[in-house]
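All of the numbers you see were taken from the coordinates with simple rules; none came from a lab. This is a predicted model, so every value here is computed, not measured. A quick note on method: Cβ atoms are made from the backbone with ideal geometry, for glycine too, and the neighbour counts reach across all protein chains shown.
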Amino acid sequence: MFWQRIHQAWLKKRLKTPQYAHLFDPPPDDDVVCFDCETTGLDPKKDSIISLSAIKIRGHEICTSESLNLTFRPEQTVQGDSIVIHRLRNMDLSEGLAPEEAAHWFLRFVGSRPLVGYYLEFDVAMVNRLIRPMLGIPLPNRQTDISELYTDLFHQPWLQPEHEVFDLSFQAIRERLELPGLGQHDAFNDALMTAMMYVKLRHLKAIKKEKGPVSLT
Amino acid sequence: MADQDTLAYLTQVLPFDRLNETELAQAADALDVVYFPQDAQIPLNRQGSAYLYLVIKGRVSECHQSDESAQCGLYGVHAAFGASSLLDQNAHLVYRALEETVAYRLPFSVFETLLHSNNAFEAFYFHDITQKLSQFHRQLQEESSSEAMMDAVSIAPLHALIEVNGATGIQACVEKMQAQQSDACVVHHHDQVGIVTASDLLRGLALESFDLQSPVGELATFPVITINQGDFLFNALLKMTRYGVDRLVVRDGQTLKGVLHQKELMSLFANQSGLVMLTLERAETFDDLKQVVTQIDQLVAGLSNKGVKTHYIAKLVNELHRKLQAKLWSLLDEDGRFDDVTYVVMGSEGRSEQVVRTDQDNAVIFPDHLSRDGLMAFCEHFNQKLIELGFPPCPGNIMLSNPEWCLSEQQWRQKLIQWFDDPSEDGFMALAILFDAQVVRGEAQRLEDLKEALWQQVEKRPMFLPHFALSVSQFETPIGLFGRLITQKDAGHSIDIKKGGIFPIVHGIRCLALEGRIEPTNTHWRIRKLMDAGVFSEAFGIELGETLNFLNTLRLQAMLHKKMQGKAVDNRIETDELSHFQQDLLKEAFGVVNQFKKVIEQHFKLENY
């Protein structure tokens, strides 16, 4: 906690635009924001965001009715292999927002609330690529990664078979948590499913605190 | 911006499937997703948590606040719950997640807007059971392609109506027919209304030495067979086959409108029902009849899928089954040795309520002068052939092949009195079965005489009917104090729908029909007559009829399903297989059954027995 606070103070000092000072205010409520991006590829240095969905989580409620759904104007042509995954063709994106404008909406939506995501590091890196030139700093928000939460709860090294990797794929986590699959693979559905994982993992964690280890079945 | 998945989900939830695109999007935009761990109570009230919930995954129970042990509702995937708490201030209900549940949550304000903007949506929540049920059928029917059979006679092309006096000469009559391009005309003759056709006139002129001036009245057939223009087309076909005529005169109330010809009628039936009739009409061998049976089965499955009311399917199928059995009789009795024997079907077949052939209940009444020699052998043969055609034998051996059910008129009367004099459970059952009998072939008067004797016995013995009616309450209605379905503890949570609902209604109505000397045997027709006689109100009669129809529909669907899977057909339905809407209707239907049991108990003062 101490180091976190020092880091925050340091970032705040380096913030270029005072307009975004609210990113360092105490969170306005107990909500957290879960978000997911669809991108042109997997390299944060080269690739860019195509669409982004962010959903607020309030306790055990997932506020889909207040969700943020942004489509970005492409900086480069989208490659065929990623089109297959998210089904957003170039022509679907021509009406998107300018990246700076989209980033602005995202920052307004998130404010100083903690962020939640699946392999959040990647999504945050993608967003940082956009906001670093604007703010001079990366996203300062607290971050919770689903795969870490999941590992904390379910990974028991002494039970893990040798030569087998603990499966942290999105699919594996969803199945283990017995959550319903939503049809199309897009930013909104992925964010929604991640949000469900978060709500359920938090619930399991609370039980674990009360009753001890979670049973494996 | 509503996403496609949410919209697709919503269209699978009753009654959201009735919303138009704009309304769907409005609902989808307002949805939140909520998670409830197992056993969590789900907040729902008009004040702080006014929401309608739609289950994405999981199961939720609905209980009364006063008694949480009695569950009155169960909601699974694609079910919406909470409406009763939102719409009825007096409903004190508690909702609990039986297993972990993920659900959509719709704010009450949006739900209310939808209720105001869409009538069909609103109707789902505010209509009483009768309206709900007929809407259920209408919906099924709308989903099906148009089935001419269920159209009214008024849509059929009619020939012009020509009316002449019986004294009119043949020549004048033919001129009139020629002018109107028709081949039949209605004849008014000595206060009677008949019909004369072109071929009647031809026969008169060519074979019976009438001349052109002879009055047509003597060649006409009386009375003319008519049908109301509001009646179903398939009833027209049934009437034609039953009376063996090619034409029906269509009327609007008492006013005659025109002539319906079989040719035109058949052209409207570009489907199986017409085909079955024709195959049956032309059948000449036992194998032909076998083919008809297969066609009937296909017809039943087809009509059931199309949402045609089970009552109508039953009527059609039973008419076909009777024609088939009559045909079988004449095929087997080639030289007409037993032409003067009356063959009747009884029980569910007699009431025209058997759709899937479950068992045969039949009997024979033969004239006193006929000797029984050879008849028994013929009856056994007939019975064997019937079994071969797919009419399973009666487990209680109530069949014409049993000497007990193959009697002369005199023997029948003795038997009847014996059943009354020496009451037993078997005797009661036999009387119930016999009272529902209908003639398939042979002299109909014999059965009428027998029923007259039965009525006289009933009227002579005031204690009989109350005892007879006792079995209406013999089986518990499978519904709990708080409206929960009581199911078996087997895998599918099944319910015996015959014991639970169908038998009490059928038998209760039978008792009232016995008392009121009501002649029709079909339960729906008996209900109609009882309503006319003021035994119960119009509204209750309709509700009872619709309830019976719904229970029969569930049973038929379960039977067809089992038949398709090659399982034994029985009266159980698995409640797990029912949609939430059907479960709701089933509960309401059992509520009506209980109400009816009370009516019977009060009517026959059963508390004294």
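When the charge dipole of the protein assembly as shown is built from unit charges on Cβ atoms (+1 for Lys and Arg, -1 for Asp and Glu) and taken about the Cα centre, the candidate among A:206, B:91, A:9 whose Cα reaches farthest toward its positive end is A:9. Assuming charge only on the beta carbon of Lys and Arg (+1) and of Asp and Glu (-1), the dipole of region A:2-211 about its Cα centre is about 880 debye to the nearest 20. Over chain B, the fraction of Cα-Cα pairs per 20 Å bin, rounded to whole percents and listed from the shortest bin up, is 16, 43, 30, 9, 1. At 1.567 mPa s and 4 °C, plugging the Kirkwood radius over alpha-carbon pairs of the protein assembly as shown into Stokes-Einstein gives what diffusion coefficient in µm²/s? Estimated via Stokes-Einstein, D reaches 39 µm²/s.
Apply the a/c threshold of 1.5 to the C-alpha gyration tensor of region B:153-200 and tell me whether it is rounded, prolate or oblate. Here region B:153-200 falls in the oblate category. Where the centre of each part is set by its Cα atoms, how far does region B:557-586 sit from region B:152-180, in angstrom? The distance from the Cα centre of region B:557-586 to that of region B:152-180 comes to 51 Å.
Rg/Rh, computed from the Cα trace of region A:107-170 with Rh as the Kirkwood radius, has the value 1.13. Taking square-rooted eigenvalues a ≥ b ≥ c of the alpha carbon gyration tensor, is region B:156-312 rounded, prolate or oblate, where a/c under 1.5 means rounded and, failing that, a/b exceeding b/c means prolate? Prolate, since a/c reaches 1.5 and a/b exceeds b/c.
Shielding by partners for peptide A:59-72, expressed as the average number of C-beta atoms from other protein chains within 10 Å of each residue's C-beta, is 4. Each Lys and Arg contributes +1 and each Asp and Glu -1, all at the Cβ; summed about the Cα centre of region B:4-126, the dipole is approximately 80 debye.
Partner shielding of B:3-10 amounts to 4, given as the average count of beta-carbon atoms from other chains within 10 Å of each residue beta-carbon. Projecting the Cα atoms of B:178, B:104, B:352 onto the dipole axis of the protein assembly as shown, where Lys and Arg carry +1 and Asp and Glu carry -1 at the beta carbon, places B:104 farthest toward the positive end.
Mind checking the mean number of beta-carbon atoms from other chains within 10 Å of the Cβ atoms in B:28-38? Before the final figure, lay out each step's value.
Numbers: counts 2, 3, 2, 4, 10, 14, 8, 13, 3, 7, 0.
Whole-number average of other-chain Cβ neighbours for B:28-38 is 6.
Our Cα-only numbers for region A:2-211 put the radius of gyration and Dmax at 17.8, 53 Å. Take the alpha carbon gyration tensor of region B:471-608, find the square roots of its eigenvalues, order them as a ≥ b ≥ c, and report rounded if a/c is under 1.5; if not, report prolate when a/b exceeds b/c, else oblate. Note, shape of region B:471-608 comes out prolate. Considering only B:566, B:553, B:511, the residue lying farthest towards the positive end of the dipole of region B:488-581 is B:566, judged by Cα position with unit charges set on Cβ.
If you average the C-alpha positions of region B:421-480 and of region A:18-74 separately, how far apart do those two centres end up, in angstrom? Region B:421-480 and region A:18-74 have Cα centres spaced 76 Å from each other. About its Cα centre, the dipole of chain B is roughly 380 debye, where the only charges are +1 on Lys and Arg Cβ and -1 on Asp and Glu Cβ. Taking amide H as placed 1.01 Å from N in the peptide plane, residue B:251 has its amide H under 5 Å from the amide H of B:227, B:228, B:229, B:257, each at least 5 places away in sequence or on another chain.
Averaging the sequence gap over all C-alpha pairs within less than 8 Å and six or more residues apart, then dividing by the number of residues, gives chain B a relative contact order of 10 percent. Each label was represented as a point 7 Å from its Cα along the Cα-to-Cβ direction; for residue B:381 and residue B:78 these points are 5.4 nm apart. The C-alpha atoms of region B:4-126 occupy a region whose extents along the principal axes are 40, 29, 22 Å, arranged from largest to smallest.
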